[in-house]
Amino acid sequence: MDSRTFRNAMGTFATGITVITTEVDGEVSGMTANAFMSVSLDPKLVLISIDNKAKMLEKIQKTKKYGISILSSDQQQQSMNFAGQIKERIEADFERVGDIPVLKGSLLNLSCNVVDIHKAGDHVLFIGEVTEMKTNEGDPLLYFGGKYRNLQTIEEKIV
């Protein structure tokens with residue numbers, strides 16, 4: 001099978017959308033990702049997967065820290081912004097959870113210290129121990145079949 005067929009097949013798995021952030025020499029960087037998962041409750045571990053070609057890769061390798069912002073349904077513009085899908089970058093509204101900048105207004109913000117790194121094909125997996133978190137109310141921004149979705153559009157299709 002070719003890469004496009006495999007990618008389309010993986011798109012049948014609905015996911016939430018995150019923005020991964022880190023800070024190098026006072027400059028905040030972020031990227032949109034849906035390759036995120038919870039790994040362990042004790043200790044509290046999460047995993048992110050970053051393409052070998054992504055600029056964010058060397059930044060997280062350098063800082064050994066990252067933030068996760070799980071986006072709410074009203075943050076699609078931020079997702080598109082950090083995915084490079086918008087020509088004119090929009091200003092992000094950051095706050096800090098622990099010592100990591102994260103997107104304000106997200107459903108969940110996590111601050112993580114990298115505890116393990118694994119090369120996996122054309123990606124690198126970063127396992128992070130969660131040091132602090134902040135939660136907010138709201139509905140998630142979802143991604144399915146190559147399109148942004150939200151709970152309302154999914155519920156309308158079910159009815």
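The values are calculated or read from the model by the stated rules, or taken from the named source; none is laboratory data. In this text the structure is predicted, and so the values were computed from the model without any measurement. Neighbour counts run over all protein chains shown; Cβ positions are idealised from the backbone, glycine included.
Summary of computed values
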| read-out | value |
| --- | --- |
| Neighbours by Cβ (under 7 Å, 6+ apart or cross-chain): first from the range 46-73, free of Cβ contacts under 8 Å to residues at least 60 places away in the same chain; second in a loop (DSSP other than H, G, I, E, B) | 69/106 |
| Matching residues, the range 44-58, being assigned to a helix (DSSP H, G or I) and under 15 Å from the mean Cα position of the chain (by Cα) | 55, 56, 57 |
| Failed criterion for residue 37 (all others in (1) without any contact (Cβ under 8 Å) to a residue 12 or more places away in the chain; (2) not in a strand (DSSP E or B) hold) | (2) |
| Members of the range 97-120 that are over 17 Å from residue 60 (Cβ atoms) and not polar (S, T, N, Q) | 104, 105, 107, 108 |
| Selection status of residue 127, touching a residue at least 24 places away in the same chain (Cβ under 8 Å), within 14 Å of the chain's Cα centre (by Cα), surrounded by 15 or more Cβ atoms within 10 Å (Cβ to Cβ) and within 19 Å of residue 29 (Cβ to Cβ) | no |
| Condition met for residue 95 (part of a strand (DSSP E or B) and in contact with a Cys (Cβ under 8 Å, 6 or more places away or on another chain)) | no |
| Selection from the range 1-50 of residues that are in contact with a Pro (Cβ under 6 Å, 6 or more places away or on another chain) and at pLDDT below 95 | 16 |
| The lone exception for residue 84 - which of (1) within 22 Å of residue 7 (Cα to Cα); (2) part of a strand (DSSP E or B); (3) of a type outside the set (Ser, Thr, Tyr) it fails | (2) |
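Matching residues to (1) β-branched (Val, Ile, Thr); (2) buried (at least 18 other Cβ atoms within 10 Å of the Cβ); (3) at pLDDT 95 or above:
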| site | (1), (2), (3) |
| --- | --- |
| 85 | no, no, no |
| 90 | yes, no, no |
| 96 | no, no, yes |
| 108 | no, yes, yes |
| 112 | no, yes, yes |
| 115 | yes, no, yes |
| 123 | no, no, yes |
